[in-house]
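Derivation of every value follows stated rules applied to the coordinates shown; laboratory data play no part. As the structure is a prediction and not an experimental result, all values here were calculated from the model. No Cβ is skipped: glycine too gets one built from the backbone with ideal geometry, and neighbour counts run over all protein chains shown.
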Amino acid sequence: MRIVSTIAEARGAVRALRTNGRSIGLVPTMGALHAGHVSLVRAAREQCDAVVVSIFVNPTQFGPNEDFAKYPRTWDADCALLESEGVDLILAPIATEMYPAGASTFVEVEGVSDRLDGASRPGHFRGVSTVVAKLFHIVSPDKAFFGQKDAAQVAVLRKMVRDLNFDLELVVCPTVREADGLALSSRNRYLSVEERRQALVLSRALQRVEERVAQGVLDAATLIDDALAVLASEPGIRLDYFKVVDPDTLEDVADVRNSALAAIAVFVGPTRLIDNAVIAPPR
Ligand code: PAF
């Protein structure tokens, strides 16, 4: 496994990996890797000839009062894990090369970037789409792998790939959960034992909505009320949003006669957690 940190080295390393028409899978990450990331790497290994993982805690996707400074950085453990997963190349770009002094060019996917997490975290998706566009330009992957847990990010990036004609396939892998339902997230490391218990209310609320849809309840307002009732059972958390939206546009839907996304964000103590479920009427 090779590790590179400059864009020139990355381009050279990717060129070498691509010999004889080998395909390249890219897994963009911010490090602090967990089993969710491993599932992306394994999907990339199954679907592509060579796997590149980027590790970059991207400053432009954090708001001024967010956790950029304290975001977990676990470099040695991440490298060991990726080595054991047979990754070919780690790209850990240098911040000043990704954003050279005076850089003022950003990628903004209008509309969809202002919904769900984009509404709560202004500028977040501009940072995500800008850094992912840069990684796509540097690596030119055939496929890029993202987790369904970040469903709004997926909607933004899908639209970016389409609107800017990136020649790649975006592959979305299922959310990986702990046995008790908690969706894996690098930010779970912030949770105390009590907060981790409280955080289970996210998956409980989504499960309730899934059960109600399975019973034939398709009205979004009723489903939201059901979810809010579950969330109210855990007074320690603070709701950011619970919404039922179109998975592509992230706009509210009135009912789930077509497939929809039930998406939730809450603060557990100071930690903001998200989760979601794709819901569709029973056949
Ligand atoms: O999902 C993440 O970890 C980040 O948003 C990403 C896609 C690596 C961009 O920094």
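Points to keep in mind about this one:
- Rg and Dmax over the alpha-carbon atoms of the range 108-184 stand at 13.2, 40 Å.
- Ratio of Rg to Rh over the range 1-139 (Cα coordinates, Kirkwood Rh, two decimals): 0.97
- For the chain, the 222 nm mean residue ellipticity estimated from helices alone, with every DSSP H stretch of n ≥ 4 adding -39500 (n - 2.57) and the total spread over all residues, rounds to -11500 deg cm²/dmol.
- Using alpha-carbon coordinates, inclination of helix 151-163 to the longest axis of the chain, degrees: 50 degrees
- Paired Rg and Dmax values of the range 168-283, which use every Cα atom, in angstrom: 14.3, 44
- The GluC sites (Glu not before Pro) of the range 1-90 that DSSP puts in a loop, and whose beta carbon has at most 15 other beta carbons within 10 Å, are GLU66.
- Rg(Cα)/(2.2 N^0.38 Å) for the range 148-202, N = residue count: 1.51
- Net charge dipole size for the range 75-216 [Lys, Arg +1 and Asp, Glu -1 on Cβ; Debye, nearest 20]: 620 debye
- Taking the C-alpha atoms of the chain, convex hull volume expressed per residue in Å³: 136 Å³
- Taking a straight Cα-Cα cut-off under 24 Å and skipping sequence neighbours fewer than 8 places away in the same chain, the lysines within cross-link reach of LYS143 are LYS134, LYS159.
- With at most 15 neighbouring Cβ atoms within 10 Å, loop chymotrypsin sites (Phe, Trp or Tyr not before Pro) (DSSP) excluded, longest segment of the chain: 107-283
- The range 29-91: trypsin sites (Lys or Arg not before Pro) falling in loop per DSSP and having at most 14 other Cβ within 10 Å: LYS70, ARG73
- Cleavage-rule hits, trypsin sites (Lys or Arg not before Pro), the range 165-218, DSSP coil, Cβ neighbours within 10 Å at most 12: none
- The range 139-283, dipole about Cα centre (Lys/Arg Cβ +1, Asp/Glu Cβ -1), debye to the nearest 20: 340 debye
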